[in-house]
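Take a look at the structure set out below.
The values are calculated or read from the model by the stated rules, or taken from the named source; none is laboratory data. If you're wondering where the values come from, they're calculated on a predicted model, not measured in any experiment. Note: ideal-geometry Cβ built from the backbone for every residue, glycine included; neighbour counts use all protein chains shown.
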Amino acid sequence: MGPSGMCICSSISCFVITVTALIIACTTYSIVRAEQLRTPPGPLKIHVTDASLNYTTLDLALNITLENPNKYFHIYYDDSIVIAGYSNKTSAIASVADFHQLENNTTLLTPSLKMHRGDSTDDATGSGKGNYYDIVVKLYLPKWYKSISKKRDNWQSSIHMYTCELKVPLNNGSKSVDAFNTTECAPRTVDFGFRYSWRKLV
C-alpha cells in the first residue's frame, strides 16, 4: 500500500474515532441530563441573619433569608406565617404576603412581631443567662415549584415548617447589648391537611 493509501486509512480511522467519541459523549450527556430533569427540587436554605427584641415595646425584628438553590424552578409561596414564642408558648403571629422566588435566588423577609409580656419574659430577664432571650421562631411556608424548562414538570411541595432556635439580644431602644449570631433553620415536613388549620402547629 502506497503513502496515499495509508493517509486515506489514517483519515478514516480518525473520523471513526472522532464520531465514536462524539456518540459516547452525547449519550452520556443525554443520560445525565435526563436524570437531572427527573430530580426533584433541592431543599431551601433558610437562615435568620439578624434579630433583636426591644424590651420596652417587646417588638421582635427579624431578618430571614430564603435561598432557592434550584436552577430550573421558581418557588411560589402562599399563606406563609411567622410564629414566635418563648418557654414553649406562642407569643406572636404574623402573616407574610404571597410572593414568588426566582431560580438561584435569595429572598429577604423582614417580619416584625409584637411579643406579649408575661412570666416568660420576666423570667428571661432575671434568669442570669445573659442579655438575650431564648426565642423559637417557626416559619410556615406552603409552596410549590414552577419549572422554567418545558422538559420538567411542576412540583407540589409538602408543606414545610422551619424551626429556628434563636438567642435574641435585648435592645434598649438604641442598640442591642450583644451581637446576634446567624442561625440556620431546621425543616419539618407538615401534613397538607394542616394548611388551613395552622393553629394546631403551635
- Taking only segment 51-81 into account, find how many residues are touching a Phe, Trp or Tyr at 6+ places or on another chain (Cβ under 8 Å) and either under 23 Å from residue 165 (Cβ atoms) or of a type in the set (Lys, Arg) (or both). 6
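Could you check, for segment 84-92, whether at least one of its residues is touching a residue at least 60 places away in the same chain (Cβ under 8 Å) and part of a loop (DSSP other than H, G, I, E, B)? Even if it seems obvious, please write down each step before you answer.
Applying the first criterion (touching a residue at least 60 places away in the same chain (Cβ under 8 Å)) to segment 84-92 yields 85, 90.
Now narrow it down to the ones that are part of a loop (DSSP other than H, G, I, E, B): none.
So far as segment 84-92 goes, no, none of its residues is touching a residue at least 60 places away in the same chain (Cβ under 8 Å) and part of a loop (DSSP other than H, G, I, E, B).
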- Select from segment 96-116 the residues that are out of contact with any Leu (no Cβ under 6 Å at 6 or more places or on another chain) and outside any strand (DSSP E or B) and write down the one among them that is modelled with the highest pLDDT. 110
- Message: Among the numbered criteria (1) in contact with a helix residue (DSSP H, G or I) (Cβ under 8 Å, 6 or more places away or on another chain); (2) of a type outside the set (Gly, Ala, Ser); (3) at pLDDT 70 or above, which one does residue 152 miss?
- Response: (3)
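Does segment 82-115 hold any residues that are exposed (fewer than 15 other Cβ atoms within 10 Å of the Cβ) and closer than 20 Å to residue 166 by Cα, and which are they?
We begin by selecting, within segment 82-115, every residue exposed (fewer than 15 other Cβ atoms within 10 Å of the Cβ); these are 88-89, 95, 97-99, 102, 104-106, 108, 110, 112, 114.
Passing the criteria: 88, 89, 95, 108, 110, 112, 114.
Let's see how each residue does on (1) part of a strand (DSSP E or B); (2) over 22 Å from residue 186 (Cβ atoms); (3) modelled with pLDDT under 90; (4) touching a Gly at 6+ places or on another chain (Cβ under 6 Å):
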site	(1), (2), (3), (4)
66	yes, no, no, no
70	no, no, yes, yes
127	no, yes, yes, no
130	no, yes, yes, no
135	yes, no, no, no
138	yes, no, no, no
146	yes, yes, yes, no
